[in-house]
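Asks: Sharing a structure, written as structure tokens. Questions coming.
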Amino acid sequence: MLKKVLKVIGVVLAVLIVIAGIFYTKVYFSTESRLNKVYAVTPQQLTFDPNDSTLLATGERLITTKGCNDCHGGDLGGKVFIDDPALGLLVAKNLTKGKGGLPQDHSTTDWVLALKHGIRRDGKPLLFMPAHEYTLLSEQDMTAIIAYCSQLPNVDRELPQHNLGPVARILTDLGKLPLVPAEMIDHNRTLVKEVKAEVSVEYGKYLSIACQGCHRENMKGGEPVAPGFPVVADISSTGHPGKWTDDQFMETLRTGKTPEGKVLKPTEMPWTMTKAYSDTELKALHLYLNSL
Ligand code: HEC
Ligand code: HEC
């Protein structure tokens, strides 16, 4: 009798393993084909004066306020930003022209391909590089970022290749991980010229694109962004920030401490990025969030 039961269990297990194998093979090939798709786009032409010091200063600030250095490192020389056995190894490229960095002839058009379209020169998608957010930058802001990045001092840093883990592939297949931002972009859209920097709902909405990836489009938060991360807070008018004054909101986003006494970890809620926001930017954001 026991033998029979064991045999049945064995058969069931074998069937389950085969099913899991088939499922993962499907996931593997489907993600591979998405990663190797070639996008044909007509990049918008951007021009600037490489010696315009105001433009370069704006670009330098945007590198922090748009989170580029959170992933690419303080010197933009690149870093491994996810190294987890299940998710895999994800590497943010060295953006300088030093060893291990961008090719010497990396042009303004190549920058537009990366930031506005989420693709490389060869038309293949960049992994996990949040171009679906940067594609919504104004032409003025994108130009400033590109101008600043085009003159970075060389950093010699050779980094390993990406290596996607099984969980990253499965979450991508289920639509739970934005691994291929190029898929979420309207590649034919032209950039908005400029969004006026003032305490307005419109400017707050523009800035909130930097919060969307985690707090969602409606700013009501929800499920953790990846396994091991906390539940994302509701920051619309129905959440805590709806009860805060502008000063409390600014204090929270600059120190990581909320009026309720919660301490936000910069690795989970990137206040090291929002710390660099001006009063105008934070007040505009608060105004927009309270309007939701
Ligand atoms: C969430 C992390 C993250 C943030 C934030 C981020 N990047 Fe990236 N970026 C990546 C990763 C990962 C890659 C490598 C993608 C690949 O190789 O498939 C990358 C690649 C790039 C590339 C492509 C280089 C090439 O190979 O052609 C450029 C350019 C770039 N990033 C610029 C920026 C700029 C500028 C910002 C800020 C406006 C920024 N990134 C913000 C993760 C990030
Ligand atoms: C990488 C993901 C991520 C991004 C990007 C992000 N947040 Fe958060 N944020 C979180 C998480 C996760 C929490 C909850 C942290 C916790 O509970 O410890 C949080 C919490 C907060 C809180 C505290 C809410 C409370 O109830 O105490 C505020 C305020 C906030 N975020 C504002 C913003 C704003 C404004 C932006 C955009 C400029 C932004 N966040 C971008 C992940 C993010």
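The values are calculated or read from the model by the stated rules, or taken from the named source; none is laboratory data. Everything numeric in this text was worked out from a predicted model, so none of it was measured. Here the Cβ is made from the backbone with ideal geometry for all residues, glycine too, and neighbour counts use every protein chain on show.
Asks: Among residues belonging to the stretch 83-111 that are more than 16 Å from ligand 2 (Cβ to nearest atom) and assigned to a strand (DSSP E or B), point out the one that is surrounded by the most Cβ atoms within 10 Å (Cβ to Cβ).
Replies: In this case the residue turns out to be 91.
Asks: Can you say whether residue 248 is within 15 Å of ligand 1 (Cβ to nearest atom) and either touching a Lys or Arg at 6+ places or on another chain (Cβ under 9 Å) or not assigned by TED's automatic domain parsing to the domain that holds residue 114 (or both), as far as the supplied structure shows?
Replies: Values: within 15 Å of ligand 1 (Cβ to nearest atom): no; either touching a Lys or Arg at 6+ places or on another chain (Cβ under 9 Å) or not assigned by TED's automatic domain parsing to the domain that holds residue 114 (or both): yes.
No; evaluated as a whole, the condition is false for this residue.
Asks: Give just the number: which of (1) loosely packed, with under 13 Cβ neighbours inside 10 Å; (2) within 23 Å of residue 266 (Cβ to Cβ); (3) polar (S, T, N, Q) does residue 212 not satisfy?
Replies: Only one criterion in (1) loosely packed, with under 13 Cβ neighbours inside 10 Å; (2) within 23 Å of residue 266 (Cβ to Cβ); (3) polar (S, T, N, Q) is unmet by residue 212, namely (1).
Asks: Please verify whether the stretch 258-265 includes one or more residues that are under 22 Å from the mean Cα position of the chain (by Cα), free of Cβ contacts under 8 Å to residues at least 24 places away in the same chain and under 21 Å from residue 177 (Cβ atoms).
Replies: From the stretch 258-265, those under 22 Å from the mean Cα position of the chain (by Cα) are 264-265; that's our starting set.
After this cut, where a residue has to be free of Cβ contacts under 8 Å to residues at least 24 places away in the same chain as well, the list is 264-265.
Keeping just the survivors that are under 21 Å from residue 177 (Cβ atoms) gives 265.
Yes, the conditions are met somewhere in the stretch 258-265.
Asks: Further question: Can you pull out every residue in the stretch 123-151 that is more than 24 Å from residue 88 (Cα to Cα) and modelled with pLDDT under 95?
Replies: None; the set is empty.
Asks: Can residue 80 be described as assigned by TED's automatic domain parsing to the domain that holds residue 142, surrounded by fewer than 17 Cβ atoms within 10 Å (Cβ to Cβ) and hydrophobic (A, V, I, L, M, F, W, C)?
Replies: yes
Asks: Additional query: Looking only at residues that are of a type in the set (Gly, Ala, Ser) and modelled with pLDDT under 95 in the stretch 155-192, which one is surrounded by the most Cβ atoms within 10 Å (Cβ to Cβ)?
Replies: Looking at the filtered set, the residue picked out is 168.
Asks: Suppose the filter is within 11 Å of ligand 1 (Cβ to nearest atom) and closer than 27 Å to residue 57 by Cβ; does residue 130 pass it?
Replies: Taking the combined requirement at face value, the residue satisfies it.
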